[in-house]
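Below you'll find the structure, written out as structure tokens, and then a few comments.
Quick note: the coordinates plus some simple rules give every number you see, no bench work behind them. All of these numbers come straight from a predicted model, not from anything done at the bench. Every residue, glycine as well, gets a Cβ built from its backbone with ideal geometry; the counts of neighbours run over all protein chains shown.
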């Protein structure tokens, strides 16, 4: 489902739900089209997961270390909760298309669930940034409280505040912030509400937090897009749309009639922003994915004003011009990696296993096709084609011997800086399959 970049298993179960259904099984749940498995996996949490509590970063910063951080800020109130399940269904396709079509390099995702600070127990939830298989675990932790205040407002402003004040990007390239919503944002937050969500006090004498400035900060920090569902109240709808357009610019307010088009719109916004595609080229991608003419027309109609803004220079793309695409930016780490590579080659030559028996042919293939091997089947530590790949909980994939050697003297992932211990990973059969497929397709050109 993920184009070989991440697939699903049944390991993410937080509430003893029945996981026997196929991921391909779909149903009409309360009139919405999302899979049975999405209904079983997303929204089963009955309270905010501790790892998503914004108070975790009371005295710290959420950080991302991949080149292209992407925030999915999801309205999880009653009127919007089903969108989270639809997005869950499409995440493997989303991630797979980004990698397969090369829309971005090194994307990572953070999920933010939004309710109403005036009525909900969990008005804001924030996940760590994750990649590949770790994406499923993050979205399945979301508590879909499903309330909201019925007051034509939700606390979207708190998400803007958090990601401007409590989020730090390391060596980023192009950051994105996508918000799904239908109602208006609050323009102020009381000191009691602020303390409830963030566990901090406003400065002495300050009774409330004015939130509008943080939207401007968000626009300076991210490429921001709002995917809006139209309000059921037709009398209020025009004013809500107008307010959002005045706040962020009409090119960024994408009013979607069919929530299943959401990911197609997001992928389009990403590739147009990164410069990987123009609008006509993205239309061709939609055709290649087998989308209907109706879906294609909706997506292109929504994205055309944004694309025209980019071409005219009206749209300012947020990009770090000082970004360095250098996996081994730390010289000391690079030297350690060389030592680990030599250790790996020596050890694998001495082992007698299924993996080591194939490695002789794999290394010859690597030498013959140097520079032509897909990055996803090369270990980022050894810089060699995978022999025995393992996947961490976060979704990172490493050569088993190499990551174990690294962890002898380190307690964190060499790239994401997330805590990691020996044995906290499992054999990655998906990557093994990719290596074998590449080998079978390429060996006919070699005398192996």
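Tabulated results
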read-out	value
Structure-based [θ]222 nm, the chain - -39500 (n - 2.57) summed over DSSP H runs of at least 4, per residue, nearest 500	-12000 deg cm²/dmol
Counting DSSP beta bridges with both ends in the chain, the antiparallel % (nearest 5)	40
Spatial separation of Cα centroids for the stretch 101-171 and the stretch 66-95, in angstrom	9
Over the chain, relative contact order from alpha-carbon pairs under 8 Å, at least 6 apart, %	14
0 to 90° range, to nearest 10: angle between helix 279-288 axis and the chain longest Cα axis	70
Protection-proxy order for peptides 47-55, 173-181, each taking the mean of Cβ atoms within 10 Å per residue, highest first	173-181, 47-55
Footprinting exposure proxy for 442, 155, 138 (fewest neighbouring C-beta atoms within 10 Å first)	442, 138, 155
Residues 94, 65, sorted so that the one with the fewest Cβ neighbours within 10 Å comes first	65, 94
Relative exposure of 80, 93, judged by other C-beta atoms within 10 Å (fewest first)	93, 80
Angle between the chain longest axis and helix 331-350 axis [Cα atoms, degrees, rounded to 10]	50
Between the stretch 271-291 and the stretch 182-216, the Cα center-to-center distance that results, in Å	39
Angle between the chain longest axis and helix 354-368 axis [Cα atoms, degrees, rounded to 10]	90
Cα shape, the stretch 26-312, gyration tensor, a/c 1.5 rule	rounded
The stretch 195-325, relative contact order in percent, only Cα pairs under 8 angstrom and at least six apart counted	22
